[in-house]
């Protein structure tokens with residue numbers, strides 16, 4: 001069953017509510033259309049366009065399995081996983097049951113391989129500076145074991161929050177994103193809870209936040225330079241104005 005959902009979660013925090021963007025294309029293979037997931041992502045990106053979003057697509061991240069990866073503006077942790085079935089940052093072809101790359105023209109993505117009977121397994125992103133939105137593709141979600149939730153705490157007294165991302169017997173692709181403008185967060189967890197007796201291998205790609213994730217020493221994207229140039233231009237303009245005024 002294919003579905004797409006845009007929901008307003010009545011969880012008021014400071015000046016804004018949590019708004020979620022969800023789409024699911026059951027059984028979608030790597031080269032199949034994913035209209036519902038892509039629509040959810042398009043709506044999400046439109047909502048955050050003015051906030052200067054950056055997307056982590058893993059293409060510049062070396063293929064590796066590691067419990068933690070320093071991405072300069074954030075750190076990616078794996079929780080309760082193991083180095084099996086091309087786990088971690090990988091460039092294997094992938095499929096609808098174990099997950100795959102979702103970046104157009106790309107090949108790399110993050111594969112989560114839970115340890116058997118671990119209870120909780122997944123990924124955790126800890127941000128160096130708070131963010132107000134997050135979105136990502138999740139592929140390969142099935143029903144083997146555990147229920148995937150996207151979890152965060154924005155300081156609202158009714159939190160912390162845990163939103164389900166539901167897969168199915170045929171795998172496929174989901175998109176899940178949210179905004180929490182006015183109530184920033186310092187981390188996001190994407191975890192399976194209840195992993196007992198079996199395990200559900202899944203993958204994550206195209207993670208969008210307001211921070212540019214890159215390996216240390218990597219040159220920032222041109223957009224970053226443009227922002228820096230704009231800032232320097234503003235400073236120069238203000239200095240000229242002050243000089244004229246004096």
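Within the set 194, 172, the sole residue that is touching a strand residue (DSSP E or B) at 6+ places or on another chain (Cβ under 9 Å), touching a residue at least 40 places away in the same chain (Cβ under 8 Å), crowded, with 24+ Cβ neighbours inside 10 Å and more than 24 Å from residue 17 (Cβ to Cβ) turns out to be 172.
Checked against the criterion of being surrounded by fewer than 24 Cβ atoms within 10 Å (Cβ to Cβ) and farther than 28 Å from residue 32 by Cβ, the candidates 126, 166, 92 yield just one match: 126.
Rule-based calculations on the coordinates, nothing more; no lab input. Predicted model, so just to flag it, every value in this text is computed and none were measured. Cβ coordinates were reconstructed from backbone atoms using ideal geometry, including for glycine residues, and neighbour counts include every protein chain displayed.
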